[in-house]
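The values are calculated or read from the model by the stated rules, or taken from the named source; none is laboratory data. Since the model is a prediction, treat every value here as computed from it, not as a measurement. So basically every Cβ, Gly included, is an ideal-geometry build from the backbone, and we count neighbours across all protein chains shown.
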Amino acid sequence: MSTAAVELRGEIRARRAGFIREVAAVAVRALRSIPRDPETVIPPLIFPVFFFAVTIGALQDVAEGIPGIDYKEFQLPVAIIFAVTGVSRAITVVTDIQTGYFDRLSITPTNRLALLLGLMVADLAMVIGLTLPVIALGFVLGVGFETGPAGVLVFLAIAGLWGLVYAGFVYAIALKTGNPGAVNSSFLLFLPFVFLTTLWLPKEALTGWMATVAEYNPVTYLLAALRSLISEGWDAEKLLVGIAAVLGVGVVSMSLALWALRSRVRRA
């Protein structure tokens, strides 16, 4: 090989595509993989619809004794939370780890944060896609938004934010373990969040230790914010407190996800 050729090869460097393009590339790849994994989309849609229908059918007559509550309006945010929680492309991360693709990707110039943010962009698209049919079912059953179309958009934004925040825990598990079973079981982490809160009854109706736990449960304030958009109108205090509660959880979940990402990259 000539000296000129050696020098030319020595000057060849992989060029960065740019952070936004890297995020977009990861997101597009994640979205394209969804049709190959229908089990990650179909159950999160079926379960909240089933839960909403059964809960309304079983408890609506009982809830009529609680003043000021339309139980369909009260339960719609719960169904939405079930729809968006745990929805992620973390199983893609596990597959990439097991096949060695993640290790190869880690030695490229791709920004490490773009690997995670790109997946979360795809997650947001999935979350919105799962939320819309549940809201449509609520409209069919007579649920209306006191805040109008703008309230629906804010409702979608807050629900989507919660979906992304909780996904941080799922990605942390995926990156740390590389185990599909652990990822599939991550939804169990959410059960204390949702069942130890105002799932069935308003906060004022809870008593004893349940009332105490609900007081410190961030999902209590998330549900209050979503419910206010449906039945109360624009309540700035409830919205701000609900968003703050979600962001507080996000600080923990995203810190864990970034720590697991750094750990996995170092290992690669």
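Quick notes
- Selection status of Val241, at pLDDT below 90 and surrounded by 15 or more Cβ atoms within 10 Å (Cβ to Cβ): no
Conditions tested, residue by residue: (1) surrounded by fewer than 17 Cβ atoms within 10 Å (Cβ to Cβ); (2) under 28 Å from Val93 (Cα atoms).
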residue: Leu189; (1), (2): yes, yes
residue: Phe195; (1), (2): yes, no
residue: Glu204; (1), (2): yes, no
residue: Gly208; (1), (2): yes, no
residue: Glu215; (1), (2): yes, no
residue: Gly233; (1), (2): yes, no
residue: Val246; (1), (2): no, yes
residue: Val252; (1), (2): yes, yes
residue: Trp259; (1), (2): yes, yes
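- Options Arg21, Arg16, Arg32; residue that is at pLDDT below 75 and surrounded by fewer than 19 Cβ atoms within 10 Å (Cβ to Cβ): Arg16
- Checked against (1) within 24 Å of Ala224 (Cα to Cα); (2) of a type outside the set (Val, Ile, Thr); (3) not in a helix (DSSP H, G or I), Gln60 meets all criteria but (3).
- For region 174-209, the set of residues classified as in a helix (DSSP H, G or I), hydroxyl-bearing (Ser, Thr, Tyr) and modelled with pLDDT of 80 or more consists of Thr177 only.
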